[in-house]
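What follows is a single structure, written as structure tokens, with notes after it.
Taken together, the values in this text are just the output of simple stated rules run on the coordinates, not laboratory data. Small disclaimer: the values here were computed from a predicted structure and weren't measured. Every residue, glycine among them, receives a Cβ derived from its backbone with ideal geometry; neighbour counts consider all protein chains shown.
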């Protein structure tokens, strides 16, 4: 039994890097500490505990993790520093040697973070606690509120795909998930807390059901019945796991939004094979066509990696042309980063950093044109927008069902409210459409 009395009046700060899943898990850790009497430190206040939830998807991510740890150690001298997340699981000894770090927790240990706090006494050297990959089996529930209005519901963890460039399976373990019954109950609790929108998160959510003998489609149908939740968004789903029945169901669902995020990673079949992806460009294109056939105004975001080993100039040109021809809304572009222990390191032909940058810029410019055109097509329409709490004095922002960002004048009474808005022209920095609230 943990003596929570010793934690009364202690304060903590949290720093999260990486994906939405990490943010959801950090929020759950924060709730755990809050229940033990540890409050979140106020701005400018020195904290007693620092928790860093790390990412390791790229070499740049690793560097950002180290920088974040150094910064927190400097800002909160004497604080007990806990580091968890993917970088902590993959490089526990490296992280433990960073000055100021006390405890490093792997994927299986972070759920028991309270047990590793001890009496918050600083140590001469950091200690690392991790489990071998085959022993990472726990599914830790998380349904947490973001900084604004959305809740993030963790439905799945881990990945069995082992793409040649990726370390996530080594950091997160095998695919596993919560039960539909438990996830529906978490969604109901979010509704009780005033939540109107839930984002479904995970590492490979389309693979849902391996540990409970259920399917992602079963989950979607069950969540759609939860009263009080007005919107669901599917954060990211592999194209080979996005079935036509899911697409058709979303098209007729009142609660699941016409918004998809689908990783492509490469628009060239030869590179997809080198990456060990489980689809080709023809399948990907057919999924986009299917979505647009039943939801013409759907927002479709696409992940793309440039400069991976083996991506020749010709392969990139073909990929660019393929992506250019897709009816998608936005590209999330990443430069390939070599990760230790991955099979991609065995592939010949290394792309120079300058060429990676050139390819990245070309796709980002293409993305801007596609997003601008998508927004422009909706100018003049009236659509429901879920508005979010803004910073003091700032305009309010929110999103339409198909994820168009809308800006309206500040009004605290509209926080977390769905209102009808007529979409006008672009705002000053072209990041949103200006909206006029339509009464009645």
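Here are a few things to note about the model shown:
- Percent of Cα pairs in the stretch 261-377 per distance bin of 10 Å, from zero to the largest separation: 13, 46, 30, 9, 1.
- Calculated over the stretch 203-278, the projected area of the Cα convex hull averaged across directions stands at 5.9 nm².
- Expressed in Å, the radius of gyration and Dmax of the Cα atoms of the stretch 332-433 are 19.6, 58.
- Extension gain for residue 254 to residue 182 (0.36 nm times residue separation, less C-alpha to C-alpha distance): 23.7 nm.
- Cα Rg over Rh - the stretch 153-235, Kirkwood: 1.02
- Centre separation in Å (Cα based) which lies between the stretch 299-357 and the stretch 46-89: 29 Å
- Calculated Rg and Dmax of the stretch 117-260 using C-alpha coordinates, Å: 17.2, 59
- Computed from the alpha carbon positions, the gyration tensor of the stretch 104-159 leads to an equivalent ellipsoid with semi-axes of 26, 18, 9 Å, biggest first.
- Length gained on full extension, residue 213 to residue 354: 46.1 nm, using 0.36 nm per residue less the C-alpha separation.
- Inter-probe distance in nm under a simple model that places probes 7 Å from Cα toward Cβ, at residue 439 and residue 282: 5.8 nm
- At an R0 of 41 angstrom, the distance between the Cβ atoms of residue 364 and residue 137 translates into a FRET efficiency of 0.55.
- Distance-filtered residues of the stretch 61-105 - backbone nitrogen under 12 Å, label point 7 angstrom along residue 122 Cα→Cβ: 73-81, 99-102
- Volume of the Cα convex hull of the stretch 4-133, divided per residue and given in Å³: 98 Å³
- The structure-derived value of Cα Rg over 2.2 N^0.38 Å appears in the list (i) 1.36; (ii) 1.14; (iii) 1.00 under the label (iii).
- Radius of gyration and maximum dimension Dmax of the stretch 71-166, Cα, Å: 15.4, 43
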